[in-house]
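As structure tokens, the structure follows; a few thoughts come after it.
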Amino acid sequence: MPIKVLYVEDELFLGKIVKETLETRGFEVIMESDGADVIRSFEDENPDICILDVMLPNKSGFELAEDIRKLNDDVPVIFLTAKTQTEDVVQGFKIGGNDYIRKPFSMEELIVRIENALRVKKEVLIPENGDSITMGKYQFHLNKQVLTKGATERKLSYREAELVKYLYRHKNDVIDRRDLLNHIWGNDSFFNSRNLDVYITKIRGYLKEDPSLEIITIKGVGYRFVV
């Protein structure tokens, strides 16, 4: 059964390109161009994911997301916008958006972000504090933030531990770099982006004794934690 996408875009030429491209990739696309018609379509179609342009006639994408969240807390919402101000990005996440793509964007980027948002709903569950998770030859003890291999123990910092947990939750999937930055540092600033590079290098070093574990860099997108 195809994934159903509710796509809201008032630039009809762009909308037609995006809709037809998504359909060639196997998605079912319900497209609306006027914010006033979106909630009716959402209730009638019950989409798997919503892609909302922010600047729309009658109702903005942010207002639509608020209305959608009143009906469904779980459906992923991706915003599309030409706006670049940080406060707009923050507003989108506060409303309940799952991702934020700045125009112009490539279709490959959009498809990766759709897939990523849908995978979050199916992410690997991590046990409650006090338990541990197994990653190849390693055990990660959640409450102690300790990584062990046999008798060898390594105490992780808070952010190192959060990074390991995030990678494990999304193991074998494409992990968007911005999602990772926003989850662990709260924003995707240049400074935090450089910090992430350092932390990824550290985690790779911690796991280097098990060749079955690999953090692959996907240029322009993010990472994939292969287990």
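Side notes on the structure shown:
- Scanning the stretch 135-157 for residues that are in a loop (DSSP other than H, G, I, E, B) and either touching a Ser or Thr at 6+ places or on another chain (Cβ under 8 Å) or open to solvent by 40 Å² or more (accessible area, probe 1.4 Å) (or both) yields a count of 9.
- Positions within the stretch 158-181 being of a type outside the set (D, E, K, R) and either touching an Asp or Glu at 6+ places or on another chain (Cβ under 6 Å) or open to solvent by less than 50 Å² (accessible area, probe 1.4 Å) (or both), in sequence order: 161, 163, 164, 166, 167, 168, 170, 174, 175, 180, 181
- Just one of the listed residues (111, 101) is within 30 Å of residue 69 (Cβ to Cβ), within 12 Å of the chain's Cα centre (by Cα) and modelled with pLDDT of 90 or more, namely 111.
- Answer residue from the stretch 203-212, given it is surrounded by 11 or more Cβ atoms within 10 Å (Cβ to Cβ) and touching a residue at least 24 places away in the same chain (Cβ under 8 Å) and is nearest to residue 163 (Cα to Cα) among those: 203
- Residue 39 among the aliphatic types (A, V, I, L, M) and closer than 19 Å to residue 115 by Cβ: no
- Considering the conditions (1) touching a residue at least 60 places away in the same chain (Cβ under 8 Å); (2) over 21 Å from the mean Cα position of the chain (by Cα), residue 36 is excluded by exactly one of them, (1).
- When 200, 215 are checked against the criterion of being assigned to a helix (DSSP H, G or I), closer than 26 Å to residue 136 by Cβ, among the β-branched types (Val, Ile, Thr) and open to solvent by less than 50 Å² (accessible area, probe 1.4 Å), a single residue qualifies: 200.
- Of the helices (runs of 4 or more DSSP H) lying entirely inside the stretch 1-100, those containing at least 2 residues that are of a type in the set (S, T, N, Q) and more than 30 Å from residue 189 (Cβ to Cβ) are 12-24.
The values are calculated or read from the model by the stated rules, or taken from the named source; none is laboratory data. Here the structure is a predicted model, which is why all the values come from computation and not from measurement. Every residue, glycine as well, gets a Cβ built from its backbone with ideal geometry; the counts of neighbours run over all protein chains shown. Accessible surface is based on the protein model in full, side chains and every heavy atom, while ligands, DNA and RNA are left aside. Shrake-Rupley method; radii C 1.70, N 1.55, O 1.52, S 1.80 Å.
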